[in-house]
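Everything on this sheet refers to the single structure shown next.
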């Protein structure tokens, strides 16, 4: 049995090992983008074990994508498998999973503030809680012992580790609570959302959803949406073992209770990379080789789910630019060369595309 | 998961009694190749034989070291103790056959063999065959082949030879080897034993952390024994048996960019056995052999992965050589290979396959100047015929000091078990990779007083169809497909000079250079379109090697310089992510002592990477800086 994210990991190793990497032959190219311009970062994960993760910066007004901004600002490569970047209080927290570290940079001039390594094993995402506190989800060195690390943002040290389920992944912050998806560990499933009080830094509730919840979003009203990939088990001939597989799902959570869970029709793949627009009218997610959208209005217990194809393409990473509600699709290609970022408007029409780094997986917004 | 591991580490004999007549054609290159098929029927191929003296003097080395230091072929290494493979002429890591006594040692699981695990002391002859060699040697020889073999039995009456060698060096490097030989009038027994250990705890500048760090968990332990027994039934009628057992334990260090320490280990066990029967009745010579190769691999990362794989191959081959006349000779043979593989990656499946091949080669010497060989091979593999393989080689030598040669050959490689059966993603309908190799070369010898100069220049083109690549599917499952066409072309030049300074001292200069341009010509993936026409990753455009050896009486000093040009690591040839070029210089000195011609003692020392150059052969896998080694070798004759 293989979990989706694990197989992705394994195959990125596989490809990674046969391909790619970085060298610091820092030549010409890039003048640094101007500090504080209106733009966002692109996280290029790089091939696992290849150490060719990188950071790009997109200037929205000039429409210029500048690659390798971390390398140019620090004279060292970003590391191995950059998973995510979160901008919080003028700092960029770049979580580099296989390098077991968080690179903290100034989000305006990209200079390095510090590198946090102590207490991190296999970190995934950063979430700012207050000016003195942040949370980091971590899979654990065995990919089984999922935790949330509490980070003191003054000293940049880990002060507490909160055991979650397996595969602590994406987090959202609603009120004084953080909701953590636990996407399953090495060779095993998890199916919970852990709710952590940011006052006590302790789990106060566990909400069971479907198998392998991976991504989570919320709207202003506090309604939470979770997408899980389910669990795919294959027959010896690689067809899907329907009996032992579980379907992916989309769950709606209101007041910390599951209002409804919709199972996807196909068990071959589940919805991932869930995003919500700023008006909370639409959800967007990757499913079965396409980007789909789901109108949130009317979704509830007893109603049927009506997902619509939005972009006829699948992406390695998906994000939503809240200033424009543009959908950002990150295409890793064959994983052997530079990938691309494409912007789509709310009708799903392609606006433009830019070459980024190797295996782009998302934006730092 | 095993795929990961394997990727991480990845990975004919002959009779000397060859025909004198045909040998004259090879006079020029003086290649004393042992493998009969290679020697007789590889007309037109570029061959490089490693000097047997070099092999003897570097008996403590691994093949990675031997080939890197003595040739300019491209050796790809995942760090100092990691998987090392050879890439001939821009081909892939599993595109080279490694033939021990004519038996292919490539893993049926992943198509490669780790050269770091091959001890030099277990062989006496090493020949590199450049270009497609499938018509003679079957699947796998797309880019080239390495032929390794023990020396032919000598049947010296009551002769005993003992060789003991010991090396000690930096980073906990220890090697001990013992080779014994005893021969009677009609029999010969050889025993080779070695044990090797290295800590590989060198310091390196980590370009990710910008700190000087010590390499951890890169230890290597190896030991092995080989027994070779030969018995002469009659003149030119011998039977030989060989058995090779080797145990290897390698700790796998973390890559430079990784955060967490590594505790991973890989154990490789090899059992290789061979029985060989040869009879030469003048006009007809017969050769039969049966070989069993077993490889068990256990990977343990000490955290959450413990995986096993076991591959077995049983090869049986019979061939018949017939000499029609002084000028025409024909070899016909049949080869049957059975392979099976067990791996966690195949689930409950234990794939196996029977492959049968018929081959024939006709060689003629026309007008005593033109050697011609036409070879054909056809293989039948689990319900389907493999591509029909013809080759034509020509060698025209109008003058003993000058010759030109050329070869056109088809070659192929069948998919590995991993490609076919890996769960999930394995693609059971993969086609074999096919190549067309064309080469043209010239050889010259100049003798100017005390200087003897030999030059060889080769241009080649190798076009490979159906090149297998793992690509992502629509729902994130990776699967191998026959998507690429790759064209490799280039120039290879080698030059050797022997300079007799006076009656006591000799200067030996060897230089080689290769230019390789290997591009992706076609791909079936949308994303790969921007890689078309670009150089393949880890194929340097330029590689060169220069060695200088000065002998005076019993003293030797020498230097070897290896240059490897910049290499791309991304399919779109991003220069920012290219590996830097590097030049590595080694120096060595040795002194021999001889007592009554019976005992000889050699004491030597060498400094590797004299310039203490920081370099990576594979991105993210730092290599050691300067190191010192002392060798002692005692021989009794």
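For chain B, the 222 nm mean residue ellipticity estimated from helices alone, with every DSSP H stretch of n ≥ 4 adding -39500 (n - 2.57) and the total spread over all residues, rounds to -1500 deg cm²/dmol. Mean separation of Cα pairs under 8 Å and 6 or more residues apart, divided by the residue count, gives the stretch B:236-374 a relative contact order of 16 percent. One chain, two ends: residue B:310 and residue B:463. Fully extended at 0.36 nm per residue, the span grows by 51.8 nm beyond their Cα-Cα distance.
Eigenvalues of the alpha-carbon gyration tensor of the stretch A:136-243, scaled by 5 and square-rooted, set the equivalent ellipsoid semi-axes at 28, 17, 10 angstrom, largest first. Apply 1/(1 + (r/R0)^6) to the Cβ-Cβ distance of residue B:191 and residue B:367, taking R0 = 45 Å, and write down the FRET efficiency to the nearest 0.05. Plugging the Cβ-Cβ distance into 1/(1 + (r/R0)^6) gives 0.40. Under the simplified labelling scheme, the residue B:227-residue A:220 pair shows an inter-label distance of 8.5 nm, with each label point 7 Å from Cα along Cα→Cβ.
How many angstrom separate the Cα center of the stretch B:526-599 from the Cα center of the stretch B:308-370? Their Cα centres are 33 Å away from one another. What base-10 log of the normalised intensity I(q)/I(0) is obtained for chain A from the Debye formula, alpha carbons as equal point scatterers, at q = 0.07, 0.10, 0.12 Å⁻¹? Summing over Cα pairs of chain A leads to -0.27, -0.58, -0.86. By the beta-carbon count within 10 Å of each Cβ, the least crowded to most crowded order of B:247, B:268, B:235, fewest first, is B:235, B:247, B:268. Where a ≥ b ≥ c are the square roots of the eigenvalues of the C-alpha gyration tensor, would you call chain B rounded, which needs a/c under 1.5, or, failing that, prolate if a/b is larger than b/c, or oblate? Judged from the Cα gyration tensor, chain B comes out rounded (a/c under 1.5).
Dividing the C-alpha radius of gyration of the stretch B:77-133 by 2.2 N^0.38 Å, with N its residue count, gives 1.12.
If the viscosity is 0.890 mPa s and the temperature 25 °C, what translational diffusion coefficient in µm²/s does Stokes-Einstein give for the protein assembly as shown when Rh comes from Kirkwood over Cα pairs? Approximately 81 µm²/s, per Stokes-Einstein.
Across all Cα atoms of the stretch A:257-340, the radius of gyration (one decimal) and Dmax (whole number) stand at 14.0, 46 Å. Given the Cα-Cα distance of residue B:626 and residue B:591 and 0.36 nm per residue of separation, how much length would full extension add, in nm? Using 0.36 nm per residue and subtracting the Cα-Cα distance, I get 10.4 nm. Annotation: the residues B:401, B:234, A:101, sorted from fewest to most other C-beta atoms within 10 Å of their own C-beta, follow the order B:234, B:401, A:101.
Relative to the longest principal axis of the Cα atoms of chain A, the long axis of helix A:4-18 makes an angle of roughly 30 degrees. Stretched out straight at 0.36 nm per residue, the stretch from residue B:237 to residue B:356 would grow longer than its current Cα-Cα span by 40.2 nm.
Per-residue ellipticity at 222 nm for chain A, helices alone: DSSP H runs ≥ 4 residues times -39500 (n - 2.57), over residue total, nearest 500 deg cm²/dmol?
-1500 deg cm²/dmol
Each label point was placed 7 Å from the Cα along the Cα-to-Cβ direction; for residue B:598 and residue A:132 their separation is 8.7 nm. What is the ratio of the Cα radius of gyration of the stretch B:295-414 to 2.2 N^0.38 Å, with N the residue count, to two decimals? Scaled against compact globular proteins, the figure is 1.57. If you plug the beta carbon distance of residue B:499 and residue B:388 into 1/(1 + (r/R0)^6) with R0 = 51 Å, you get a FRET efficiency near 0.60.
Summarising the label geometry, the points placed 7 Å from Cα in the beta-carbon direction at residue B:521 and residue B:378 lie 2.6 nm from one another. Rg/Rh for the stretch B:173-239 (Cα atoms only, Rh after Kirkwood) is 1.39.
The overall shape of the stretch A:312-361 is prolate: from the C-alpha gyration tensor, with semi-axes ordered a ≥ b ≥ c, the ratio a/c is 1.5 or greater and a/b exceeds b/c. Across chain A, C-alpha contacts under 8 Å between residues 6 or more apart give a mean separation that, scaled by the residue count, equals a relative contact order of 12 percent. Does the stretch B:87-181 come out rounded, prolate or oblate by the C-alpha gyration tensor, with a ≥ b ≥ c the root eigenvalues, rounded set by a/c under 1.5 and, if not, prolate when a/b is larger than b/c and oblate if not? It is oblate, given that a/c is not under 1.5 and a/b is not larger than b/c. Report the percentage of all Cα-Cα pairs in the stretch A:129-187 whose separation exceeds 17 Å, rounded to a whole percent. Result: 38 percent of Cα pairs exceed 17 Å.
Once you divide the Cα radius of gyration of the stretch A:75-134 by 2.2 N^0.38 Å, the number left is 1.03. Using the Cβ-Cβ distance between residue B:436 and residue A:106 with R0 set to 51 Å, the FRET efficiency from 1/(1 + (r/R0)^6) comes to roughly 0.35.
None of the figures in this text is laboratory data; all of them are computed from the coordinates on show. Everything numeric in this text was worked out from a predicted model, so none of it was measured. A quick note on method: Cβ atoms are made from the backbone with ideal geometry, for glycine too, and the neighbour counts reach across all protein chains shown.
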